[in-house]
Structures are given as structure tokens and as C-alpha cells.
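What follows draws every value from the coordinates through simple rules; no lab data is involved. Keep in mind that what you see is a predicted model, and the values were worked out from it rather than measured. Every residue, glycine among them, receives a Cβ derived from its backbone with ideal geometry; neighbour counts consider all protein chains shown.
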């Protein structure tokens, strides 16, 4: 399998991934990702070079967004002073579920973060999705805290405020990596 930067041509695939994941999560009793993601925001993220696609032949098997930008209101100023990269929108196609492709992507992201000079690989997960939280804990993340207030709308409840991190570290990835080299993070970039 290869990993490469997403292009604007991937927009429809990414939107479909999100819909597929939302339907699967709904079957499990979760409301995660039940609101459609704005296509224009996703396109801007693609154009920023932070969205990556895993391809298995002609099939898109998974996606991950890896950025140095944290969502507002989640991490403290002291935490943000330490070079970090943030995982978002990790999604595996149902056709490739059960192969620990998500875990491999987290390892790839940790290696990429390490090569960029980050100390931490961080994420925020859906506050009520306990199964997802356990998944990240099994993959070496440590729970930092859960932020429940300060959501995007009028400072209301936050739906994705379960914060976790693990050390960014080198890993020999199982992917053939065609992604552009990571930019440096932190004060010396």
C-alpha cells in the first residue's frame, strides 16, 4: 500500500469516507460525524497539504489528516509551546477494516511528526465514543484530559474534547511513502 498527499480530485472520496464512517458509527450507537462536513473546508485542508490517502492498488483504503495546528480551546499555552503534530479525521474504509490499518497510520503519523521535529503526536476524540478512546489507548496514547465546554457554537458543549498524546517517534512504516517531506514544527522551523 502507498501513502500520498490528497489532491482536490480526492474530495468526493473523502466526503464519501466520512458518510460511510458516520453510518457505521451510527449502527454502533454513536452520533460521531453525524453532521456533514463542509466540502469547502475539506478542500482547503487538502490544498494545505495536510491530508493523506492510503491506496491499495486502485482502491482508497484510508485517510488521515496530520497538521501542526491544534483546534482552538483544547490544549493549554504550555502544551502548545512544545512542538507537536495533531491527528484528525483518521478514517479507514469498511472494506479494509480489521487489518489495523488505523494503527499503521498512527505509527506513520508519529514517525512523520518525529521527522518534523515534534515531541508529541496529539489528537482529540469524540467525547462520548468510549470504544474509540480505548482504541487510541491500545495504540500507546495517554489520556491527558477531557474538555467538555467551549464548543464551536456559542461556547456550548464540546463533542470532540477527549485529549490524548503519545511521543512522536521513528517507526519503519509498512507504507510505500510518496507523501511530500514534512515541514519542521516548533520555534526553529
Query - Label-point separation, residue 5 to residue 181 (7 Å along Cα→Cβ), nm - result: 1.3
Query raised in the report: Contour minus end-to-end for residue 138 and residue 37, with contour as 0.36 nm per residue of separation and end-to-end as the Cα-Cα distance?
Result: 33.6 nm
Report task. Would you mind getting me the FRET efficiency between residue 94 and residue 44? Use the beta-carbon distance for r and R0 = 22 Å, nearest 0.05. Result -> 0.25
Requested in this report: Please give the per residue volume of the convex hull enclosing the alpha carbon atoms of the range 87-178, rounded to a whole number of Å³.
Outcome: 126
Query raised in the report: Relative to the compact globular guide of 2.2 N^0.38 Å, what is the alpha carbon radius of gyration of the chain, as a ratio?
Result: 0.98
